[in-house]
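Below is one structure; the comments refer to it alone.
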Amino acid sequence: MKKQHAILMAASIIGMAFIGQAEARDQIRIVGSSTVYPFASYVAEELGQTTRNKTPVIESTGSGGGMKLFCAGDGMNTPDITNASRRMKSSEFELCAKNGVNDITEVVIGFDGIVIAQSRGNADINLTRKELLLAVAAEVPSKDSSKLIPNPYKFWNEINASLPHRPILFYGPPTSSGTRDAFADLVMKSLTKKMDVYTNLYKADKKKNKAYKKYKNIRQDGVYVPSGENDNLIVQKLIKDKNAFGIFGYSFLEENSDRIKSATVEGVTAEPENISSGKYPVSRSLFFYTKNSHADKVPGMKDYVEMFTSEEMIGEEGNLTEIGLISLPEEERNATRHIVAKHIKLSSNMLKKK
Amino acid sequence: MNIADLSFYFVAGLLPLSVMAWMLGRNKVTKATTRERWNSRPGHYGWYSIVWLATPALAVALLAGLLHLAGLYTVPATTFLIIALIAAAAGCWQGLRMIQPSLRARDSIEKVIRGLLIAAALTSILTTIGIVIAIIFEAIKFFEIVSFWEFITGTQWSPDAASGDNVHGMFGSIPIFAGTFMVTIIAMLVAVPVGLLSAIFIAEYATDGFRNVAKPALEVLAGIPTVVYGFFAAITVSPLVVKFASAVGLHADYTNALAPGLVMGIMIIPFISSLSDDVIRSIPQSMREGSLALGTTMSETVKQVLLPAALPGIVAAFLLAISRALGETMIVVMAAGLRPNLTWNPLEGMTTVTVRIVDALTGDQAFDSPETLSAFGLGLVLLFITLILNVISIYVIRRFRQHYE
Amino acid sequence: MSLQINANMKRRYAAEKRFKAYAITALALAGAFLIFFFSDMISKGLPALQQAEILVDVHYNDTSMKSYRKAVDKPFRIIVSRGWLRTLPLHMEDHPELMGTTKSQWVIANADVDQYLKEKPHRLKKKYQKQIDHLYSEGKVRLAFNTGFFTRGDSKMPELAGIKSAVIGSIYVLLLTIAFALPIGVMTAVYLEEFAPDNRLTQTIEVNINNLAAIPSILFGLLGLAIFINFFGAPRSSALAGGLTLALMTLPIIIITTRASLKAIPDSIREAAFGLGASRWQTVWHHVLPLAMPGILTGSIIGLAQAMGETAPLLIVGMMAYVPDAPGSMLDAATVLPAQIYTWAGESIRAYEERTAAAILVLLTVLLSLNGLAVYLRKHFEKRW
């Protein structure tokens, strides 16, 4: 009896083990960032509709999760392309190399600006990054900048007397979102790493106070409300609660420009030219990474990459720009297309530069 | 040849061979010339041959699969098929040789079938073990980073404050469990009165015609998928709650706990009403008649005779409903918020355990970060609570079940 | 004395009336919710059954092959759906007889036009609104039945979005679920009812099944991720991974309902078979199971209906991908109808709201029919022993 049920269990185990290792595939598999996802799925659908290729399958796993799946190996049961709202980290590059993924091409496709949006009916407002930091950080410097205190600011004019007496309220990305990471990097870390009142704490106890080296904790007392992916709800909230600000990507502002508008940051408006040129300080690049070893084995993969980087998609009047992608300056677009055409291999040096 | 094709060929080859083996076995019996009585019917000897054919082939498959999974050696496809074929043929030959009148084929097959049945029954144990393993492995990784005590008793959940080794006080899960309990309590406040009273009405007061309409109508509530409830809660109920709140002068967030709580309560009504109805109807008529004969009204009979008798079943239904509410995911993912918030006010935005699990596993952060692993920590505690509730409800039923004559 | 009794009686009767009133109110509340819910869903979903179309001249020629926008005249280029236009070049390749012709046909309009005509919030610019009004009065714009909703898969353009690939994915997943859950479930139930001795192993199995029925669905998703995808290597987002996970979830229901049906069959049938010399298995296979079939069928339909509405475990197993094409096999990426509803519910473009509600109506129709079928079968085949 024991022999029989052992055999039976084993047979089902085998069946399932076998099924997973399919060799040839006719569908492109893409994973990665939820910010790049809308653009990638747009191109994917275009590919499926205008060519005879099957539509690529795109999963929104997040940049980190996408890297992990991408770098898990070079076999055909791993994804072909991963999207990212940040550059690949050196540790991820090494993981890829360790698992046999050596021939990667990095493709920059455009920018994403992070905007501070409010209801369209409100008066215009200009905020500096320092003011934003003081509004969202969990701990802020005391009046004499000698120590850190829990954030006491409830109104904007407490931070800067020239700002209106308006309650501070943010609807922003949750901790699981790449946009939050980007916001933390660009608005918080870039400033706090240069502020002594934070870094001194780090220097005092490097182990326990590691967070203070580049402080990015956001307050949890209800002034910053983490909001999920349901964009409609956020817009409704912003319209209803005119005091509130929303923190999200530019593409979302573009979608709803009839109901919301953005604040200027340090005098610069959140517009494509400013984001593209780097004048708008809160912006980041969007990428995707491809496995060149898969390019010949998966039909349509080359077409997909070429289509994505074509002028029709990422150009200044392109389709993706219409749905909110900020396009690269022309020379950089040409550079991207050159990289794609030559399958330039990504090296660790390239990652360290720029 | 890829593995999917391989398994297809394997199975597709085994089938006609089995048919052949069956016929060979059976024919050996029907064409036999001995005068002895055969122990079993001819068909049984056919199946006997099949067992002798299939077992070696499956054993070869098992071996090859184990070797492949362990990464030791991958047998090339054609080699595998040939070896399996030879094994099958050898087995079949041996089996046929063993066919004689005194062979108790029916009993042998019976043993094999019994084994298959036990194997099937063991899958449920395997599944439980699987779930526990899947969660524990990663949860252990999480609890290596975050102390279990802090996790259980901490009141601050701020994963972005955690970086590197400094995770003290960042992963206190009490606000999250508080959110779950708040939504569950609201749900039960809706479900228990409505469910219980409906069950009593249907069981005791209603005419047959009414019951035939009302019972299926309540079952419809159970048939609505949770994602639909979630959509309804987010798009219709939440704005209504906000509107009513501001009409009364209170402030309600769009991601308040009241909306998912109310909708979840409605979803749970059938659990309570259906189970209570069954329990109440199982109480023998003699108890009702005895009480009524003493001059009580129907409601007094219900309150003082029937409900106490039905109590264990109702409590079990109650516990089952609670555990359903605790584990419910879609309604809260779509209607509740993401902010861990420890508060008594259901109008404020808050998050629950299941929402955090989904968010942690489908979000953008790095795969091995404490935040992703926290999903497994939360899952482990959730599993634990659900199992305890289940055990309690079984115990309650067993201990307090009244046996009628 | 009798006055006191009378007063007492009055009080008790009043209490009785109140109690009855509460009970009826409870039922009425539940009923009111049902009505509210369905009317809300229907009112939100019905508009999706219509899709705006414009009567235009489509030029099938070389210029259109190269630049599909030029296939229609300039004033129409914005208001017609670009998603439809871009399929023209391939379409002309497939149908060379169209080359050189110009056809006047009804073409899908873009989402803003569609929403404008349905008097929903839209972003159509004033000049296009005037154009549409003018065309409408000429009869060149209409709201036609939205067959595309049923024949197309998902799309990033709401005017082209449909549920076909989600429905096919659902069917694949359900087939897999039943293929795994039914045999194993029935075999387990048969073992427990007919063969199992009352020992430790049996009790453990029974306790396990009870526990599995109570475990939250999302934890099954974790199981699917860790074991089927990571360990066994089933492809992510495939119907296989989803089907296996749902099969495990459906197992307890099938086991419990099958056991109940087997229990209901009187022992006299079994004993009669034994008396004639049948072995246990012969009794079960030839006598007990056929009689229990209706109950087993009912149970599996109920289990299937539940599996069809599940979303949480599939989220974890990856069936949240953008999968516009219908899956060709069990291993291809797929999505299921509840997952499609979840994705559309989160889209920022407003036009998706009505499509979400329409998809919900489709799902509800199927599920309620399945449940109704199960109830009907149960009544029809109910035998009193």
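One residue stands out in the range A:68-88 among those that are within 20 Å of the chain's Cα centre (by Cα) and without any contact (Cβ under 8 Å) to a residue 40 or more places away in the chain: the one that is surrounded by the most Cβ atoms within 10 Å (Cβ to Cβ), namely A:Cys71.
Residue-wise test of (1) surrounded by 22 or more Cβ atoms within 10 Å (Cβ to Cβ); (2) in a strand (DSSP E or B); (3) not small (Gly, Ala, Ser).
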residue	(1), (2), (3)
A:Ser146	no, no, no
A:Ile149	no, yes, yes
A:Glu158	no, no, yes
A:Ser162	no, no, no
A:His165	no, no, yes
A:Ser176	yes, no, no
A:Asp181	yes, no, yes
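Considering each residue of the range A:221-237 in turn, at least one proves to be surrounded by fewer than 19 Cβ atoms within 10 Å (Cβ to Cβ) and of a type in the set (A, V, I, L, M).
Taking the range A:315-327 as the range and being assigned to a helix (DSSP H, G or I) and under 16 Å from A:Ser85 (Cα atoms) as the test, only A:Leu320 passes.
Could you say whether any residue in the range B:124-134 is buried (at least 18 other Cβ atoms within 10 Å of the Cβ), over 29 Å from the mean Cα position of the chain (by Cα) and either modelled with pLDDT of 85 or more or part of a loop (DSSP other than H, G, I, E, B) (or both)? The answer is no, given that none of the residues of the range B:124-134 is buried (at least 18 other Cβ atoms within 10 Å of the Cβ), over 29 Å from the mean Cα position of the chain (by Cα) and either modelled with pLDDT of 85 or more or part of a loop (DSSP other than H, G, I, E, B) (or both). Does B:Leu262 satisfy the criteria of being touching a Pro at 6+ places or on another chain (Cβ under 7 Å), under 17 Å from C:Phe36 (Cβ atoms) and either in a helix (DSSP H, G or I) or among the aliphatic types (A, V, I, L, M) (or both)? Judged against the criteria, B:Leu262 is not a match.
Of all residues in the range A:216-227, those satisfying the criterion of being aliphatic (A, V, I, L, M) and at the interface with another protein chain (Cβ under 7 Å from one of its Cβ atoms) are A:Ile218, A:Val225.
Name the residue that is surrounded by the fewest Cβ atoms within 10 Å (Cβ to Cβ), counting only residues in the range B:348-373 that are more than 10 Å from chain A (Cβ to nearest Cβ) and at pLDDT 85 or above. Top of the filtered list is B:Val353. Taken over the range C:33-83, the residue count meeting the criterion of being buried (at least 20 other Cβ atoms within 10 Å of the Cβ), within 14 Å of chain A (Cβ to nearest Cβ) and either among the hydrophobic types (A, V, I, L, M, F, W, C) or free of Cβ contacts under 8 Å to residues at least 12 places away in the same chain (or both) is 1. If you filter the range A:33-70 down to residues that are within 10 Å of chain B (Cβ to nearest Cβ) and assigned to a loop (DSSP other than H, G, I, E, B), you find that the one that is nearest to A:Ser251 (Cα to Cα) is A:Thr35.
Conditions (1) touching an Asp or Glu at 6+ places or on another chain (Cβ under 9 Å); (2) crowded, with 21+ Cβ neighbours inside 10 Å; (3) touching a residue at least 24 places away in the same chain (Cβ under 8 Å); (4) not aromatic (Phe, Trp, Tyr), marked per residue:
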residue: B:Phe244; (1), (2), (3), (4): no, no, no, no
residue: B:Val248; (1), (2), (3), (4): no, no, no, yes
residue: B:Ala259; (1), (2), (3), (4): no, yes, yes, yes
residue: B:Ile266; (1), (2), (3), (4): no, yes, yes, yes
residue: B:Pro284; (1), (2), (3), (4): yes, no, yes, yes
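Could you pull out the residue among C:Ala292, C:Ala273, C:Ala278 that is surrounded by 16 or more Cβ atoms within 10 Å (Cβ to Cβ) and not in a helix (DSSP H, G or I)? It is C:Ala278. Taking A:Ile247 as meeting all but one of (1) within 19 Å of A:Ile125 (Cα to Cα); (2) out of contact with any Pro (no Cβ under 7 Å at 6 or more places or on another chain); (3) hydrophobic (A, V, I, L, M, F, W, C), write down the number of the exception. Only one criterion is unmet by A:Ile247, namely (2). Confirm whether C:Val366 is surrounded by 20 or more Cβ atoms within 10 Å (Cβ to Cβ), more than 9 Å from every other protein chain (Cβ to nearest Cβ) and among the β-branched types (Val, Ile, Thr). So C:Val366 fails the test. Pairing residues of the range C:337-352 that are more than 9 Å from chain A (Cβ to nearest Cβ) with residues that are outside any helix (DSSP H, G or I) and charged (D, E, K, R), at Cβ distances under 7 Å and at least 6 apart in sequence or on separate chains, gives C:Pro338/C:Glu310; C:Gln340/C:Asp154. Counting only residues that are within 14 Å of chain C (Cβ to nearest Cβ) and in a helix (DSSP H, G or I), the range B:306-344 holds 20 of them.
Quick grid of which residues meet (1) free of Cβ contacts under 8 Å to residues at least 24 places away in the same chain; (2) more than 14 Å from chain A (Cβ to nearest Cβ); (3) of a type in the set (A, V, I, L, M); (4) assigned to a helix (DSSP H, G or I):
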| residue | (1), (2), (3), (4) |
| --- | --- |
| C:Ala247 | no, no, yes, yes |
| C:Pro252 | no, yes, no, yes |
| C:Thr258 | no, yes, no, yes |
| C:Val288 | no, yes, yes, yes |
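Checking every residue in the range C:176-198 against the condition of being modelled with pLDDT under 90, crowded, with 20+ Cβ neighbours inside 10 Å and assigned to a loop (DSSP other than H, G, I, E, B) gives zero matches.
Given the condition in a helix (DSSP H, G or I), at pLDDT 90 or above, in contact with a Leu (Cβ under 8 Å, 6 or more places away or on another chain) and assigned by TED's automatic domain parsing to the domain that holds C:Ala196, answer yes or no: does some residue in the range C:317-337 qualify? Yes.
Within the range A:99-130, take every residue that is crowded, with 19+ Cβ neighbours inside 10 Å and of a type in the set (Asp, Glu) and give me the one that is modelled with the lowest pLDDT. Residue satisfying both the conditions and the ranking: A:Asp112.
Scoring C:Ala109 on the criteria (1) among the aliphatic types (A, V, I, L, M); (2) within 14 Å of chain A (Cβ to nearest Cβ); (3) touching a residue at least 24 places away in the same chain (Cβ under 8 Å) leaves a single failure, condition (2). The criterion of at least 3 residues that are in contact (Cβ under 8 Å) with a residue 40 or more places away in the chain and not charged (D, E, K, R) is met, among strands (runs of 3 or more DSSP E) falling completely within the range A:196-308, by A:224-226, A:245-249, A:283-291. Considering only residues in the range A:152-184 that are within 13 Å of chain B (Cβ to nearest Cβ) and free of Cβ contacts under 8 Å to residues at least 60 places away in the same chain, the one that is nearest to the chain's Cα centre (by Cα) turns out to be A:Arg180.
So, in the range A:201-215, of the ones that are of a type outside the set (Phe, Trp, Tyr) and either surrounded by 17 or more Cβ atoms within 10 Å (Cβ to Cβ) or within 17 Å of B:Met170 (Cα to Cα) (or both), which residue ends up farthest from the other protein chains (Cβ to nearest Cβ)? Among residues in the range A:201-215 that are of a type outside the set (Phe, Trp, Tyr) and either surrounded by 17 or more Cβ atoms within 10 Å (Cβ to Cβ) or within 17 Å of B:Met170 (Cα to Cα) (or both), the one farthest from the other protein chains (Cβ to nearest Cβ) is A:Leu201. Residue check: is C:Ile227 out of contact with any Ser or Thr (no Cβ under 6 Å at 6 or more places or on another chain) and under 30 Å from A:Gly32 (Cβ atoms)? Considered against the rule, which asks whether it is out of contact with any Ser or Thr (no Cβ under 6 Å at 6 or more places or on another chain) and under 30 Å from A:Gly32 (Cβ atoms), C:Ile227 comes out as yes.
One residue alone among C:Gly221, C:Gly275 is within 22 Å of the chain's Cα centre (by Cα) and not charged (D, E, K, R), and that residue is C:Gly221.
The values are calculated or read from the model by the stated rules, or taken from the named source; none is laboratory data. All values reported here derive from a predicted model rather than from experimental measurement. As a convention, Cβ positions derive from the backbone with ideal geometry for all residues, glycine included, and neighbour counts pool all protein chains shown.
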